[in-house]
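**Student:** Okay, handing you the structure first.
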Amino acid sequence: EKRSVVVSAPTGSGKTVCGEAAVYLGVAMGKRVLYTTPLKALSNQKYNDFCKQFGAERVGLLTGDVSINRVNASVIVLTTEVYRNMLYDVQDGSVRDVHSVILDEFHYMNDRDRGTVWEESVIYSPPEMLIVALSATMRNVKDIRDWFSSVHGPTDLITSDYRPVPLEFKYIDRKGICDLFDKEANKKGQPRLNRILLPS
């Protein structure tokens with residue numbers, strides 16, 4: 001059974017591998033794959049990565065102001081807004097014969113101004129198309145998976161709290177770098193601002 005998937009894990013934990021697996025699967029099946037990002041810069045970066053992996057003749061880029069190899073590409077990297085607009089233009093046929101769409105940085109759905117673009121992308125994606133939503137951790141990820149299942153079809157959830165790249169908070173000024181927080185927590189068990197940073 002074909003199932004979409006929502007992957008929620010910290011930065012650097014390898015969730016992009018899930019998206020790239022969908023790309024390889026779609027290409028192996030002779031179908032097209034769409035890989036969306038929220039920013040033109042990220043689309044350009046992913047386009048260059050995929051050109052190295054698959055060859056420039058098999059990869060396309062659509063960012064609104066740039067269109068490269070749109071017709072012949074097996075893998076098209078595009079901004080999420082461009083993908084959503086393609087869904088509205090049914091006559092265009094751009095989403096016909098697409099195996100999957102990867103919605104990278106899916107936590108943008110929580111963005112007050114742009115979040116509806118991700119919602120509409122899920123709602124209007126053809127039901128036979130797999131959706132792979134990749135996100136940094138989101139609080140309501142189970143609700144999102146349930147919502148995917150109700151508006152698009154069966155959807156699995158993969159989550160992880162493991163952070164392979166430790167998160168450290170530092171402060172830098174002319175004197176150098178110091179820890180932003182004290183080693184000891186406050187009385188409530190919360191991080192306490194480093195005392196040397198407090199006004200005297």
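The values are calculated or read from the model by the stated rules, or taken from the named source; none is laboratory data. Predicted model, so just to flag it, every value in this text is computed and none were measured. Don't worry about glycine lacking a Cβ; one is built from the backbone with ideal geometry, like all the others, and counts go over all protein chains shown. The protein model used for the area step is the full one, side chains on, heavy atoms only, and it has no ligands, DNA or RNA in it. Shrake-Rupley method; radii C 1.70, N 1.55, O 1.52, S 1.80 Å.
**Student:** For the chain, give the share of DSSP beta bridges that are antiparallel, in percent and rounded to the nearest 5; count only bridges with both residues there. Could you put the intermediate results ahead of the total?
**Tutor:** Working: 7 of 34 bridges.
In the chain, approximately 20 percent of DSSP beta bridges are antiparallel ones.
**Student:** Hey, another quick one. Using 7 Å Cα-to-Cβ label points, what is the GLU57/SER150 separation (nm, one decimal)?
**Tutor:** Each label point is offset 7 Å from its Cα along the Cβ direction, giving 4.8 nm.
**Student:** What order do you get for 6-16, 144-154 when each peptide is scored by the mean count of other beta carbon atoms within 10 Å, highest first?
**Tutor:** Descending mean neighbour count gives 6-16, 144-154.
**Student:** Lysines near LYS187 by alpha-carbon distance under 24 Å, same-chain residues fewer than 8 away left out - which ones?
**Tutor:** Here the lysines satisfying the reach criterion relative to LYS187 are LYS170.
**Student:** Say we join alpha carbon atoms closer than 10 Å with springs in a Gaussian network model of the chain; which of LYS183, LYS52, LYS40 then has the biggest fluctuation?
**Tutor:** Comparing LYS183, LYS52, LYS40 in a Gaussian network model of the chain, the most mobile one is LYS183.
**Student:** With a 10 Å cut-off between alpha carbons and a GNM built on the chain, which of LEU180, LEU78, LEU61 moves the most?
**Tutor:** LEU180
**Student:** Greater than 22 Å separation of Cα atoms is the criterion. Which listed pairs, LYS15/LYS52; LYS2/LYS40; LYS142/LYS183; LYS2/LYS142, meet it? Show your work: numbers first, answer last.
**Tutor:** Numbers: LYS15/LYS52 20 Å; LYS2/LYS40 30 Å; LYS142/LYS183 34 Å; LYS2/LYS142 19 Å.
LYS2/LYS40; LYS142/LYS183, as the Cα separations exceed 22 Å there.
**Student:** Please give the contour-minus-distance gain from ASN194 to ASP49: 0.36 nm per residue of separation, less the Cα-Cα distance, rounded to one decimal in nm.
**Tutor:** Values: separation 145, 0.36 × 145 = 52.20 nm, distance 4.09 nm.
Taking 0.36 nm per residue and subtracting the Cα distance, the gain is 48.1 nm.
**Student:** Provide the per residue accessible area, probe 1.4 Å, for the range 69-200, rounded to a whole number of square angstrom. Walk me through the numbers before you get to the answer.
**Tutor:** Details: 8510 Å² over 132 residues.
Solvent-accessible surface per residue comes out at 64 Å².
**Student:** Once R0 is set to 45 Å, what does the formula 1/(1 + (r/R0)^6) return for the Cβ-Cβ distance between VAL90 and LEU167, expressed as a FRET efficiency to the nearest 0.05?
**Tutor:** Values: r = 44 Å, r/R0 = 0.97.
For VAL90 and LEU167, the calculated efficiency is 0.55.
**Student:** Follow-up. Using a Gaussian network for the chain with springs between C-alpha atoms less than 10 Å apart, which of these wobbles most: VAL165, VAL117, VAL59?
**Tutor:** VAL165
**Student:** Any idea which of GLY19, ASN72, TYR88 is furthest toward the positive side of the dipole for the chain, if Lys and Arg beta-carbons carry +1 and Asp and Glu beta-carbons -1?
**Tutor:** Highest projection toward the positive end goes to GLY19.
**Student:** Helix-only estimate, please: 222 nm mean residue ellipticity of the chain, summing -39500 (n - 2.57) across DSSP H runs of length 4 or more and dividing by its residues, to the nearest 500. Numbers along the way, then the final one.
**Tutor:** On the way: 5 runs with 58 residues, N = 200.
Counting only the DSSP helices, I get -9000 deg cm²/dmol.
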